[in-house]
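The values are calculated or read from the model by the stated rules, or taken from the named source; none is laboratory data. Because the structure is predicted, anything quoted here is derived from the model rather than measured. Here the Cβ positions follow ideal geometry from the backbone for every residue, glycine too, while neighbour counts run over all protein chains shown. Accessible surface is based on the protein model in full, side chains and every heavy atom, while ligands, DNA and RNA are left aside. Shrake-Rupley method; radii C 1.70, N 1.55, O 1.52, S 1.80 Å.
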Amino acid sequence: MKESVKALLDILDLEQIETDIFRGRSPEDRQQRVFGGQVAGQALVAAGRTVPPTRAVHSLHAYFIRPGDPSVPIVYTVDRVRDGRSFTTRRVLAIQHGKAIFSLSASFQIDEPGPAHHAPMPDAPDPETLPTALDRLIPVFGERAATEFVNRRPFDVRHATPLTWEAAKDPSLATPESKVWLKVDDDLPEDPLLHVCLMTYASDMTLLDTVLLNHGLAWGDKRTMGASLDHAMWFHKPFRTDDWLLYYQDTPFAGGARGLARGQIFTRDGDLVASVMQEGLVRVTDA
């Protein structure tokens, strides 16, 4: 198994230290703050560990309260809010240094029949026809830095639309939408909760980029800083994150130093399997 994939699976495999209390850690190479997708994915793992496997998560709502410290473990406490006949509700608090850094509420449901429809999948080129992340990043960051970045990433990510750095250099490429193919860069076990938690992790990787892409900005451009504020996901159907998924993202609003982005996740067959909304802090200086 690829080292970056193994490392991510290890990070999502929380240690249970007491009933409804779990402990997670951060990657050793993380220097500044905990990646938002990591704490969201770990919190969902903690919630899912307290729910019968016959009940699948169908939604989560989360707030990023404080920056996470990657040098110390994160403690996740699970509150069993409700166990109903059809639905189960869990609330998770992530704690470091005695303070809450993240909160999550998740709802799980038994499998039930009902009326069905979904939005159509947007047009996008096949992922195999697109340049790899390494091909796109080498002209921006150089071969060494780009290779190190891609090797640390457990997902194969291929953009069908401009990167933020490309739009920052060429304002004509600015666009309010983004189409990204992604999949875990290895084969994974049959574990529905694992695939949902991995997609929760991945959903935070490029979503706020869409806000920047609309304004010709880029993280690390010495002008732009930001952070996730809240995050919501709805899981519609089972899926596998080791198969290609199209992450269609757009941004309906930005203002007041905040940007709103939304995403739809489709299988290659065109099924809508998850929806995402996120608001993030986006501050721009004159530097």
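So is A167 open to solvent by 30 Å² or more (accessible area, probe 1.4 Å), on the phi < 0 side of the Ramachandran plot and of a type outside the set (F, W, Y) or not? So A167 does not fit the description; no. All conditions but one from (1) open to solvent by 20 Å² or more (accessible area, probe 1.4 Å); (2) in contact (Cβ under 8 Å) with a residue 60 or more places away in the chain apply to A202; the one that does not is (1). Select from the range 231-259 the residues that are charged (D, E, K, R), open to solvent by less than 40 Å² (accessible area, probe 1.4 Å) and either under 25 Å from D170 (Cα atoms) or assigned to a strand (DSSP E or B) (or both) and list them in ascending order. Answer for the range 231-259, where residues must be charged (D, E, K, R), open to solvent by less than 40 Å² (accessible area, probe 1.4 Å) and either under 25 Å from D170 (Cα atoms) or assigned to a strand (DSSP E or B) (or both): just D250.
Right, P125: surrounded by fewer than 13 Cβ atoms within 10 Å (Cβ to Cβ), within 24 Å of G216 (Cβ to Cβ) and at pLDDT 90 or above or not? In short, yes. In the range 47-57, the qualifying residues are those that are surrounded by fewer than 16 Cβ atoms within 10 Å (Cβ to Cβ) and not β-branched (V, I, T), and the one that is farthest from the chain's Cα centre (by Cα) is P52. Entry remark, the range 209-230: residues being surrounded by 20 or more Cβ atoms within 10 Å (Cβ to Cβ) and closer than 12 Å to A168 by Cα number 6 in total. Against the definition (without any contact (Cβ under 8 Å) to a residue 40 or more places away in the chain, aliphatic (A, V, I, L, M) and open to solvent by less than 40 Å² (accessible area, probe 1.4 Å)), how does I11 come out, yes or no? So I11 passes the test. Listed conditions (1) more than 26 Å from Q42 (Cα to Cα); (2) open to solvent by less than 30 Å² (accessible area, probe 1.4 Å); (3) touching a strand residue (DSSP E or B) at 6+ places or on another chain (Cβ under 6 Å); (4) not aliphatic (A, V, I, L, M) are all met by H118, apart from (2).
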